[in-house]
1. Regarding segment B:1-107, what whole-number volume in Å³ per residue does the convex hull of its Cα atoms give?
2. Among A:Gly262, A:Val219, A:His209, flag the residue with its Cα farthest along the positive direction of the charge dipole of segment A:200-289, charges on Cβ as +1 for Lys/Arg and -1 for Asp/Glu.
3. Among the listed pairs A:Lys30/A:Lys162; A:Lys444/B:Lys42; B:Lys77/B:Lys183; A:Lys329/A:Lys478, which have their C-alpha atoms separated by more than 22 angstrom in this model?
4. If each residue's Cβ is checked for other Cβ atoms within 10 Å, how do B:Cys278, A:Cys129, A:Cys266 rank with the fewest at the top?
5. By a straight-distance test (C-alpha under 17 Å), which aspartates and glutamates pair with A:Lys280 as possible cross-link partners, with residues fewer than eight away in the same chain excluded?
6. Send over the per residue convex hull volume for the protein assembly as shown, Cα only, as a whole number of Å³.
7. Taking the mean number of other Cβ atoms within 10 Å as a proxy for protection, how do you rank B:301-312, A:172-183 from highest to lowest?
8. Using only Cα positions of chain B, each an equal point scatterer, no hydration layer, compute I(q)/I(0) via Debye at q = 0.06, 0.15 Å⁻¹ and quote the log10 values to two decimals.
Amino acid sequence: MHESEHFDVVIVGAGISGAIVAEQLGAAGKKVLVLEAGTGTQDRYFNEGDKAGYHAYLERYYRSYVKIPNAPYPNNPNAPQPLVTDIEKIPAGQVIANHGYFVQTGPNPFSSTYTRSEGGTTLHWLGTCLRMLPEDFHIREKFGRGLDWPISYEDLQPWYEKAEHGIGVSGDAGLQSYDAIDNHSVHIPFSKDYNYPMEQIPQSYLDVHMAKHLRDVDVSIENQQYPVQVIATPQARNGMPRGNYRPVGAVGYPGIGQRCAGNSSCVPICPIQAKYNALKTLHQAQALGNVSVRLQSVVYDLEVNPDNGRISRVLYKQYESTESAQVEKKAVSADIVVLAAHAAENAKILLAANVANSSDQVGRNLMDHPVLLTWGLMPEAIGAFRGPGSTSGIPSLRGGAFRSQQAAFRIEIGNWGWSWPKDAPVSTLEQYVDANSFSGKAYKEHVAEMYPRMFRLGFLVEQLPSANNRVSISEDYKDRIGNYRPVISYHIDDYTKAGMKQAKAVSDTIFNHLNVSDYTQYSESAPGYVEYEGHGYEYQGAGHLVGTHIMGDDPKHSVVNREQRSWDHPNLYLVGCGNMPTISTSNPTLTMAALCYWAADNILQDLAA
Amino acid sequence: MCPVEPIASEDLLHRLRQQLQRAVELEFSTLPPYLTALYSIKEGSNQYATSVIRSIAIEEMFHMTNAANVLIAIGGKPSTTHKGFVPRYPVNLPDGEVWFKAELRPFSRSALEVFREIEMPAELVPEKGDITIGDFYGQIENTINSLVELMGDDLFQIGDPEHQVDSKYFYGAEGVVEKVRDKDSAMFALNSIIAQGEGAPNSAWNPSIHFPDNEATGIESGDAQLFQQAEELAHYYRFDELYRGRHYQHGDTPQSGPTGPSIDVDYHNVYPIIVNPCPKQYPKATPLYGFDHDFNVIFSQLLDTLQLAFNGEPQRLVTAVDTMFSLKYKAQQMMRIAIPNDSQGRHAAPTWQYLKPEHR
């Protein structure tokens, strides 16, 4: 057998986690190879001949009729990706295996997706960069629910700071400490004199309107009063820099994207890359000369040296073209192997290779934020469909004593009217012209009357880790080049449903105070329809796949230790949202990024030893 | 007490304020020609040309802001809304360059010819002695030197520094605005204008000698040296590349012209807009009259915003971004429309008029 190529570190996956670890290690002089399953644009903004640039994504987005999160990013049968249009109701006892990439066994459908291309899901994320609350790290100890992390907020705090500067977050630390909220549970300590690298993105007209009208509004949960307080959301979106920080523009076209220009298409694609995506970090990583990214290389197995338990080789299938299933099998070796392929894909690879799973926890504890949407019409125009998708939220119910009984949630204030619940404005023509026979002047007047008043909230409800919510694999379900498809079992428990019920009650209070006419409707036929205490609710996926290889203090009940190293294999690191034992109420990317900076530091120490 | 000095410095200061106001006008006057050409390109086509003209237009805004900051530092009040601030094209640029006229044209070879003239370095002008933008700033620097001899750095502390535009409003790949505090920062601001337009000043440079890699040659913009940003050519040479359809490469000189890879320029994917449009071309009560009026209202709001931003309210620049988008969309909307019954099949284009509030 011929020798395989050897690197200091091989990283599987060129999304944000892989990019951060690669950049950190490359900057320290380590030779790093990143294997990416999907296709990519490398450093091109414009297309160059037949080589697609970022612009090809834009063209695809403009042309697509259904503008779902993955609309700009081509579907690739050699590295398939889930689509929100795949999701359907799962009849009891059945398996949905013929509709998209996921195989779903239910009972509830798993509604979230991700992107398998260079840059990963940051290509279509919204950019929300919230820190977790200190109490989120200890919900078992404090509330008797879920799991505790092996680390505390204080441990992660310096890495949050590093992440906020590394990916470029706009915000105001004074506000994000939530000190102004009359609910001690949500307060987040920030270092003295610390601030985000860029000033807060301006709040939308809607945000300001809501903040004004909800100033004195309280809600009662489990016999305690909590404020309903609007606070600007920190975002990985370029704004005005503080001090010497310089915002990073588009990869391959750095003159654009230096600041958010309100194109209002953050999801699925920021045309100028003012919103962070991992292509930026990958570009920085490769510019230093120690990091190379190999596209169209799908890792399918890990070889273990039986003498010492070390991962000896990483096996991958490389394909020339997405048009053909023809692959060449290759292998590389490295002192340290890092899986950064995404929570679902990491689990798949580990299960396929049968490694790192002495705890039997690989693939388990899959979580998301089931999102309850509520929508209505404001009494007057509030400037819907302008600016970034969301610029503020209501974080005051993210924590509190009620978490012993019901899920907490964060409320996202949507700036794009009914785009999420009703697919506005794309559906407008269909809905009003075709279905309601509006035409001409009447149609224009109707749109002009309705659209500027459209308003919606999104409640990101906490979900607890559960062994039965899992990604598994089966010989029966493979993709075109013979790799496993994720088999997903998922259910929404009563703790989360109680949170949904509470969320709807809070929504009613908010709508009342703002004189919003409620148009919210949950349909029994919708995939995400659930019932609780006689009422129906409907959840959407948030795209926050968390917890398939959780970290812990005990090798019997967790997959990685607090260093994010596999308990079973001394040279295997797992990174990404899969490491998070609980999801709580913050969008997980910032926490994942912070953990990645920390993991890179641990890897450097291992390499030095 | 010495009566001579204060009078001399008052006169000089007055002269310098006039010169810097003229500089603001000069930089601004390049924008309607550049933006007209930029907006005339059909969206999605001419990607490289679009990125070049856009980048240069942004650098002109950077130059205008630099000139305004120096003017604010010496106690002047930049004006962007007085009668005559916006020239009527075709026009000689306000710095006294009488050897060509700036024009509003669709993206074309003839437009690029004018753009090259606007940005031409002194070494390349047709007649020795023809004034260039670089010469004009040289005169300003002379006045500054004379005044600094009289007043020292106090010259730059007359105005309220809070009224200057801070780097947080202007940063990134097209330069970084820094507040002016002393002679060095004032000269830095003015030199970066010359460097980006005509090429990095380098007195030792001999234009006929080839240059090795990574050595300053005079055709770079100075962005690498001044702002630690990606190296790029000065405006003149970037327009020359488009004009000739070919990139400069290492080894090229201004005399050799560009000999690098070819550039895809497609003059057909451009709206054939009217050259130097004026308001009387659009009869009252016609839709085009309305579009042009709408454009001018937005344009006027933009100038009002600049007036306020340069006179104590720099935070106004935040909303100016939005106004620029409105301006672009309105211009593109007009340019898609063929002028009714025009024998040459020309399309409409905005007239760039400042309207007083009562006329909006």
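Where a number appears in this text, it was derived from the coordinates with a stated rule and is not lab data. Computed from a prediction, not measured in an experiment: that's the story for all the values here. Reconstructed Cβ throughout: ideal geometry from the backbone, glycine too, with neighbour counts over all protein chains shown.
1. Values: hull volume 12.4 nm³, N = 107.
Cα-based convex hull of segment B:1-107, divided per residue, equals 116 Å³.
2. A:Gly262
3. Numbers: A:Lys30/A:Lys162 20 Å; A:Lys444/B:Lys42 28 Å; B:Lys77/B:Lys183 19 Å; A:Lys329/A:Lys478 17 Å.
Where the Cα-Cα span goes over 22 Å, the pairs concerned are A:Lys444/B:Lys42.
4. Numbers: B:Cys278 14, A:Cys129 28, A:Cys266 25.
Placing the least packed residue first, the sequence is B:Cys278, A:Cys266, A:Cys129.
5. A:Glu23, A:Glu36, A:Asp43, A:Glu118, A:Glu164
6. Details: hull volume 198.4 nm³, N = 969.
Hull volume over Cα atoms, normalised by residue count, gives 205 Å³.
7. Values: B:301-312: 19.3, A:172-183: 16.3.
Answer by packing, highest mean first, reads B:301-312, A:172-183.
8. -0.23, -1.37
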